[in-house]
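Data first, discussion second: the structure below is written as structure tokens.
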């Protein structure tokens, strides 16, 4: 049985360590390569993943890890009832653009559900976490010698219970499409906000937005940490037909179907 509260503490330490290394690369000249699927990859993706994999091996050596860069190289372990999903640098395009909207994502999957996760946004000095019915955010500056010692207290966050007649929607900064606009036309959208990477999940979790539909391709490591945090904050993440978004889809190479993230009012 996993102690989620203790695990979250470990995931925070690991994600911050990775974030510190990523920021050193971010604040220098970034060298960009492209994977076989034409998506960009940087030294920060690889170094961040190395740090996270080492940290998870120390923290929970018995739990297998599916991580983006390892998976791209064909290194995918057999997964059972429990495994970790890792995206060491979600929002590589945002990282390259140097707009700060990139994240470090780590999530625990249990029986197909995202049950605990952290998202660290090092350039914005914010960390989001969630497990069970506990969701929180805290300020953690990766430039400090000991970021966790100087971190702010955890602040509880919750999905917004607002006005169904005046919803706030969040859309991808890099992947906005006509299908998303068509989907949102069925709701009373009063405002739109744009964000990169898994920050879109965080905006719903902390009550800044009510609705985030995604009609583009994503992988399980892109969404799992955000899913855990949104659920802990009182929101939902489902397929477009309302059925649960599940994890461990090995027969689909960990690809997600289209999905929607909602706060209680949406």
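A few notes on this one:
- Test set (1) under 22 Å from residue 112 (Cα atoms); (2) modelled with pLDDT of 95 or more; (3) in a helix (DSSP H, G or I) - residue 203 fails condition number: (1)
- Restricting attention to the range 69-81, the residues that are touching a residue at least 24 places away in the same chain (Cβ under 8 Å) and over 19 Å from residue 251 (Cβ atoms) add up to 1.
- Qualifying residue in the range 24-42 (condition: without any contact (Cβ under 8 Å) to a residue 60 or more places away in the chain, crowded, with 20+ Cβ neighbours inside 10 Å and either assigned to a helix (DSSP H, G or I) or on the phi > 0 side of the Ramachandran plot (or both)): no
- Of everything listed in (1) outside any helix (DSSP H, G or I); (2) crowded, with 16+ Cβ neighbours inside 10 Å; (3) over 19 Å from the mean Cα position of the chain (by Cα), the single unmet condition for residue 78 is (2).
- The C-beta contact set for the range 161-173 (first residue within 10 Å of residue 266 (Cα to Cα), second residue modelled with pLDDT under 80, distance under 8 angstrom, 6+ apart or interchain) comprises 164/266; 167/266; 168/162.
- Inspection of the range 64-73 finds a residue satisfying the criterion of being over 27 Å from residue 195 (Cβ atoms) and modelled with pLDDT of 95 or more.
- Taken over the range 217-266, the criterion of being farther than 16 Å from residue 68 by Cα, over 15 Å from the mean Cα position of the chain (by Cα) and assigned to a helix (DSSP H, G or I) is satisfied by 251 alone.
- Candidates 101, 69 - the one that is closer than 24 Å to residue 23 by Cβ and assigned to a loop (DSSP other than H, G, I, E, B): 101
- Check on residue 58, out of contact with any helix residue (DSSP H, G or I) (no Cβ under 8 Å at 6 or more places or on another chain) and farther than 24 Å from residue 202 by Cβ: yes
- Checked against (1) surrounded by fewer than 17 Cβ atoms within 10 Å (Cβ to Cβ); (2) within 28 Å of residue 132 (Cβ to Cβ), residue 85 passes all but condition (1).
Listed here are the residues, each with its yes/no results for (1) at pLDDT below 95; (2) more than 13 Å from the chain's Cα centre (by Cα); (3) within 18 Å of residue 247 (Cα to Cα).
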residue	(1), (2), (3)
57	no, yes, no
93	yes, yes, no
105	no, no, yes
108	no, no, yes
112	no, yes, yes
117	no, no, yes
129	no, no, no
137	no, yes, no
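The values are calculated or read from the model by the stated rules, or taken from the named source; none is laboratory data. Fair warning: this is a prediction, and the values are worked out from it, not measured in the lab. Cβ sites come from the backbone with ideal geometry, for glycine too, and all protein chains shown count toward neighbours.
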